[in-house]
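Every number in this text was worked out from the coordinates using simple rules, so none of it is lab data. No experiment lies behind these values; they were computed from the predicted model shown. Positions of Cβ are generated from backbone atoms using ideal geometry, with glycine treated the same way; all protein chains shown enter the neighbour counts.
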Amino acid sequence: MEQYCTMIEEKIIVLLKENSYSASDISRKLKKDRRTVSKSLEKLNEKGLVEYRNIGMAKLWNLSESPVKNLLKNKKIGSYIKDLLNSPIDGISIIDENKKIVWMNEKLRDKVGASRGNFCYEVLADNKSVCPNCTAFKTLTKKQPFKSKGILMDRKGKKSNLEFITVPLKDNKIFIEVIRDI
């Protein structure tokens with residue numbers, strides 16, 4: 001049964017590459033039972049691969065622009081990921097393709113303050129524009145991890161010499177930045 005659902009999930013993903021559809025539209029196009037399609041859509045949603053918006057009583061499904069961001073929003077999986085990232089001794093942030101902070105672990109929030117939605121260079125380096133040796137920019141353009149050394153300004157105005165490690169995530173629209181004392 002699990003392989004059957006996986007096959008349907010793959011067909012749904014192919015179909016949603018074309019356009020957004022309701023579960024009823026998808027079931028008609030794939031000639032599958034609507035309940036089976038709905039269950040498959042929910043599984044894909046839990047994996048962060050598809051998302052929906054409500055149009056009246058119907059859900060209009062489409063492919064997720066950023067599966068990793070959707071996983072963080074997912075209450076069950078997102079809380080596991082956040083717990084894992086909150087436990088290390090390093091400061092960790094998740095930053096999107098626009099260089100805006102999506103999430104920071106407790107260690108980094110304690111150091112720089114809660115700054116979700118702000119530009120990383122404003123919060124972490126107290127700059128008005130992108131940092132000159134921005135590993136985030138390199139990571140987003142080259143789609144590979146990078147390390148650099150830099151200075152972080154904390155809430156009290158104290159500067160610290162740190163190592164910045166940026167790693168792109170699977171969808172290449174978001175990355176993790178680890179900030180380590182050196």
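Extension gain, residue 31-residue 97: 0.36 nm per intervening residue step, less the Cα-Cα distance, totals 20.0 nm.
Pairs over the 28 Å Cα-Cα cut-off, from the set 99/149; 17/43; 43/99: 43/99. Modelled label positions at residue 62 and residue 153, each set 7 Å beyond Cα in the direction of Cβ, lie 3.8 nm from each other.
Once you divide the Cα radius of gyration of the stretch 2-64 by 2.2 N^0.38 Å, the number left is 0.97. Counting neighbouring beta carbons within 10 Å and listing from fewest to most, the residues 109, 35 come out as 35, 109.
Using R0 = 35 Å, the C-beta based FRET efficiency linking residue 130 and residue 13 works out to 0.50. Please check which bits of the stretch 85-127 a label hung off residue 73 would reach, taking the label as a point 7 Å along Cα-to-C-beta and the cut-off as backbone N under 18 Å. In the stretch 85-127, the label zone of residue 73 (backbone N under 18 Å from the point 7 Å along Cα→Cβ) covers 94-104, 116-118.
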